[in-house]
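Right, one structure below, let's go through it.
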Amino acid sequence: MALVPTPSPIAGPVVAEVDMGSDSNTVRATVVQASTVFYDTPATLDKAEKFIADAAAYGSQLVVFPEAFIGGYPRGSSFGVMIGSRSDRGREDFQKYHASAIDVPGPEVDRLAALAGKYKVYLVMGVIERAGYTLYCTVLFFDYQGRYLGKHRKLMPTALERVIWGFGDGSTIPVYDTPIGKIGGLICWENRMPLLRTALYGKGIEIYCAPTADSRDVWQASMTHIALEGGCFVLSANQFCRRKDYPPPPDYLFGVDDDLAPDAVVCAGGSVIISPSGAILAGPNYKGEALISADLDLGEIVKAKFDFDVVGHYSRPEILSLSVKDHPLNPVTFSSDTNKAESSEKSR
């Protein structure tokens, strides 16, 4: 187990010499606990690079960032919404938030891919995705060669998040089979959805990433349960934020009367890495921005599955089974597109 302190500014690129194609059964992983530079996406990307560089210098092969790190988690904001009404100020707040989000694909995705390739790490990044005028809470996946692998959109935003974020569908529940293990993940409270977790277990997930915004003690119980239930490593990354990490009032308000002191902690982190046996390998950290790192012995997965394999010897598919609708759900389709696809198939 290892805990690496907050990165210091780097003078130049630092690259870990890690052979991603080796037969080693151990993976060094890092979860980043840090705050967004709110309303400043370029500065947030610069900050991400510093953390990625320090993790790579430590020898990490996998780096996981918190929920909504790029684009920001709008903690404390109501966006002027009450049942039956919305305010002009709330619409202006959403306009600024929309401007901080990123297109997928887009230039920010290209930069993140380049960072993964530059520092030779697998990268899991929480972002706010902009698709036209709708925003999604999304996790992006990149390999160590600098390739964008794909994304997961949060299926069920929590509470007031549903006012500002759209809903993902079954087409973005990926698990990527990589040389360092099968990597996937869910975001914050959708980790509490048993059927959604089971979909990942059915895809053989081994390194389960759980970017979150929940810093409560009870979150640790959920993460431990998932590690035991899935027989997988769980890497939960959360932001550590103080009031001063957000714009000052009146540009940004926590609630109606924002009287928080600049150093008041508004999200205490709690990032953690847990083994398939439920043992805490690193964290939880509630002290500040940090890199939380651990070596993952993938051989532990086999030992855990011997005890309990939720989609294997401990399943009863003749009684209980799950069917996942994993095709994209589009609100508008055009018959001409369908005809073109059919003509293309016939010409093959």
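The values are calculated or read from the model by the stated rules, or taken from the named source; none is laboratory data. Keep in mind that this is a model prediction, so the values were computed, not measured. Cβ sites come from the backbone with ideal geometry, for glycine too, and all protein chains shown count toward neighbours. Side chains included, ligands, DNA and RNA excluded: accessible areas come from the protein's heavy atoms. Shrake-Rupley method; radii C 1.70, N 1.55, O 1.52, S 1.80 Å.
Across segment 208-229, not a single residue is classified as open to solvent by 30 Å² or more (accessible area, probe 1.4 Å), among the basic types (Lys, Arg), in contact with a strand residue (DSSP E or B) (Cβ under 8 Å, 6 or more places away or on another chain) and under 18 Å from residue 31 (Cα atoms).
Report yes if residue 281 is open to solvent by 30 Å² or more (accessible area, probe 1.4 Å), among the hydrophobic types (A, V, I, L, M, F, W, C) and within 16 Å of residue 63 (Cα to Cα), otherwise no. Let's see the steps before the verdict.
Working: open to solvent by 30 Å² or more (accessible area, probe 1.4 Å): yes; among the hydrophobic types (A, V, I, L, M, F, W, C): yes; within 16 Å of residue 63 (Cα to Cα): yes.
So residue 281 passes the test.
Per the conditions (1) part of a helix (DSSP H, G or I); (2) open to solvent by 40 Å² or more (accessible area, probe 1.4 Å), the sole criterion not satisfied by residue 78 is (1).
Being touching a residue at least 60 places away in the same chain (Cβ under 8 Å), in a helix (DSSP H, G or I) and either open to solvent by less than 40 Å² (accessible area, probe 1.4 Å) or closer than 21 Å to residue 324 by Cα (or both) is the filter here, so list the residues in segment 142-171 that pass it. Correct list: 164, 170, 171. If you go through segment 106-122 and keep only what is surrounded by 19 or more Cβ atoms within 10 Å (Cβ to Cβ) and among the basic types (Lys, Arg), you end up with just 120. Among the residues making up segment 54-75, a single one is surrounded by fewer than 22 Cβ atoms within 10 Å (Cβ to Cβ) and not in a loop (DSSP other than H, G, I, E, B): 57. Among the conditions (1) modelled with pLDDT of 95 or more; (2) open to solvent by less than 20 Å² (accessible area, probe 1.4 Å), the only one that residue 307 does not satisfy is (2).
Residue 190 is checked against (1) within 13 Å of the chain's Cα centre (by Cα); (2) not in a helix (DSSP H, G or I) and fails just one. What number does that condition carry? (2) is the only condition that residue 190 fails.
Based on what the data block shows, is residue 88 free of Cβ contacts under 8 Å to residues at least 12 places away in the same chain and out of contact with any Cys (no Cβ under 7 Å at 6 or more places or on another chain)? It would help to see each step written out before you state the result.
Numbers: free of Cβ contacts under 8 Å to residues at least 12 places away in the same chain: yes; out of contact with any Cys (no Cβ under 7 Å at 6 or more places or on another chain): yes.
Yes.
Within segment 176-187, the residues that satisfy the criterion of being surrounded by fewer than 22 Cβ atoms within 10 Å (Cβ to Cβ) and in a strand (DSSP E or B) are 176, 177, 178, 182. Criterion first (surrounded by 22 or more Cβ atoms within 10 Å (Cβ to Cβ), at pLDDT 95 or above and touching a helix residue (DSSP H, G or I) at 6+ places or on another chain (Cβ under 8 Å)) does residue 125 satisfy it? Spelling it out, residue 125 is indeed surrounded by 22 or more Cβ atoms within 10 Å (Cβ to Cβ), at pLDDT 95 or above and touching a helix residue (DSSP H, G or I) at 6+ places or on another chain (Cβ under 8 Å).
Residue-by-condition table, conditions (1) at positive phi; (2) in contact with an Asp or Glu (Cβ under 6 Å, 6 or more places away or on another chain):
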residue: 64; (1), (2): no, no
residue: 79; (1), (2): yes, yes
residue: 88; (1), (2): no, no
residue: 91; (1), (2): no, no
residue: 98; (1), (2): no, no
residue: 102; (1), (2): no, yes
residue: 111; (1), (2): no, no
residue: 116; (1), (2): no, no
